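Worksheet: the structure to be examined is printed underneath.
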Amino acid sequence: MTQSIITATGSYLPEKILTNDELSKTVDTNDTWIRERTGITQRHIAAEGEFTSHMATKASQRALQMAGYDADKIDGVIVATSTPDSTMPSVAAKVQAALGITHGPALDVAAACTGFVYALSVAHGWIQTGIATRILVIGAESMSKIVDWSDRGTCILFGDGAGAVILEASDDATRGVRALALEAQGEFGTLLGTNGGIGSTQTAGHLFMEGQEVFRHGVEKMASITLSTATKAGLNMADVDWVVPHQANARMITMIARSLKVSASKCVVTVPHHANTSAASIPLALDEANRDGRLKKGNIIAMPALGAGLTWGCCVLSW
Ligand code: UT7
């Protein structure tokens, strides 16, 4: 069977950093509360005129640099995002054009914070069916554009950025995607979402969230799907070298690790300096851990996520 292996990673964070102290000048919050309840110390904010496709393109260029080949070798682009530049064309089509790629499909995937895991499953399917062989799988978000900056219950959590991986077809049976699991339960759609949309209000709306409920679902569902995906791959948690979870809240990651009986030192945690970048959070964390040498060839990596929908999922792969 053809394997789908990650051969390169890249990421991009906007230059502007918004610290907790700066945020507490405009909304009734403080650094101590944010650190204690979320672990977050700062978030990056896209510049005026800097859109999701621009960040996705920069992250992709860094992944291509690591891969050591030109963009024309890419034959598929998938972008997981809830904050596209425009309703159409897709961010993926814009990235494809910006990179000068003129062949293969381009598609956006909307599964909120679970978007990158859903996008990996689409890319894996393209590889299995021969639709594409070298795919840019990107998570990119401009969360600062949909956050309600007067709502302290949500605005402290989110940040902007993009992460990209190149998923390639390979016959190396020792590496690649070992198992994927995806779930959704639309009945929980009222817990997290936006209060607008093109079809209803002709605007994107602003983000709302029932934080405690989402937290509870997040811990329970991300832990259980990590376990079931590892089992599906014929592995147990002792075989997993790194958990690279969606970065929503540091307390949440600690509780997931505890529930899985995995040492906290096996979790890649970037939420303190990136905040929650929704679909971008896992590929941003992957790139950080890849570049600092933590992720080694053959390591087993589990990537669970949960987001609006509710959607959740996990990918287990051999690096
Ligand atoms: O990425 C998609 C998935 N998203 C998530 O997984 C997010 C999950 N949820 C969370 O991370 C947490 O629920 C939050 C960080 C959003 C909120 O933390 P919490 O510990 O659940 O706080 P809470 O909403 O229960 O509020 C506790 C108290 C309240 O005050 P009272 O009623 O006890 O007096 C809030 O008004 O903290 C207050 N509070 C704040 N205080 C200072 C809420 N937000 C803030 C704030 N600064 N920013």
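A few notes on this one:
- Across the stretch 116-126, a minimum of one residue is classified as hydroxyl-bearing (Ser, Thr, Tyr) and either in contact (Cβ under 8 Å) with a residue 60 or more places away in the chain or within 16 Å of the ligand (Cβ to nearest atom) (or both).
- Candidates are the residues of the stretch 264-316 that are outside any loop (DSSP other than H, G, I, E, B) and hydroxyl-bearing (Ser, Thr, Tyr); the one that is farthest from Thr194 (Cα to Cα) is Ser265.
- Single unsatisfied condition, Lys25 versus (1) loosely packed, with under 15 Cβ neighbours inside 10 Å; (2) more than 16 Å from the ligand (Cβ to nearest atom); (3) not acidic (Asp, Glu): (2)
- Candidate set from the stretch 32-65 (those that are within 11 Å of the ligand (Cβ to nearest atom) and crowded, with 17+ Cβ neighbours inside 10 Å); member that is farthest from the chain's Cα centre (by Cα): Ile34
- The residue that is nearest to the chain's Cα centre (by Cα), counting only those in the stretch 293-312 that are at positive phi and touching a residue at least 40 places away in the same chain (Cβ under 8 Å), is Gly309.
- Scanning the stretch 69-116 for residues that are of a type in the set (Ser, Thr, Tyr) and touching a strand residue (DSSP E or B) at 6+ places or on another chain (Cβ under 8 Å) returns Thr81, Ser82, Thr83, Ser90, Thr114.
- Residue in the stretch 229-248 that is touching a residue at least 24 places away in the same chain (Cβ under 8 Å), crowded, with 18+ Cβ neighbours inside 10 Å, on the phi > 0 side of the Ramachandran plot and outside any loop (DSSP other than H, G, I, E, B) present: no
- Of the criteria (1) within 16 Å of the ligand (Cβ to nearest atom); (2) farther than 17 Å from Val117 by Cα; (3) β-branched (Val, Ile, Thr), which one Val244 fails: (2)
- Given (1) more than 14 Å from the ligand (Cβ to nearest atom); (2) within 22 Å of Gly218 (Cβ to Cβ), number of the condition Cys113 does not satisfy: (1)
- Any pair with Cβ under 6 angstrom, 6 or more apart, that starts in the stretch 38-49 at a residue that is on the phi > 0 side of the Ramachandran plot and touching a residue at least 24 places away in the same chain (Cβ under 8 Å) and ends at one that is of a type outside the set (A, V, I, L, M) and away from the ligand (no atom under 13 Å from the Cβ): Gly39/Pro272
- Residue within the stretch 12-20 that is of a type in the set (Lys, Arg) and more than 30 Å from Ala119 (Cα to Cα) present: no
- In the stretch 158-178, the residues that are surrounded by 23 or more Cβ atoms within 10 Å (Cβ to Cβ) and part of a loop (DSSP other than H, G, I, E, B): Gly159
Coordinate-derived values only; no laboratory data. Since the structure is predicted, the reported quantities are computational estimates derived from the model, not experimental observations. Because the Cβ atoms are built from the backbone with ideal geometry, glycine has one as well, and the counts that use them run over all protein chains shown.
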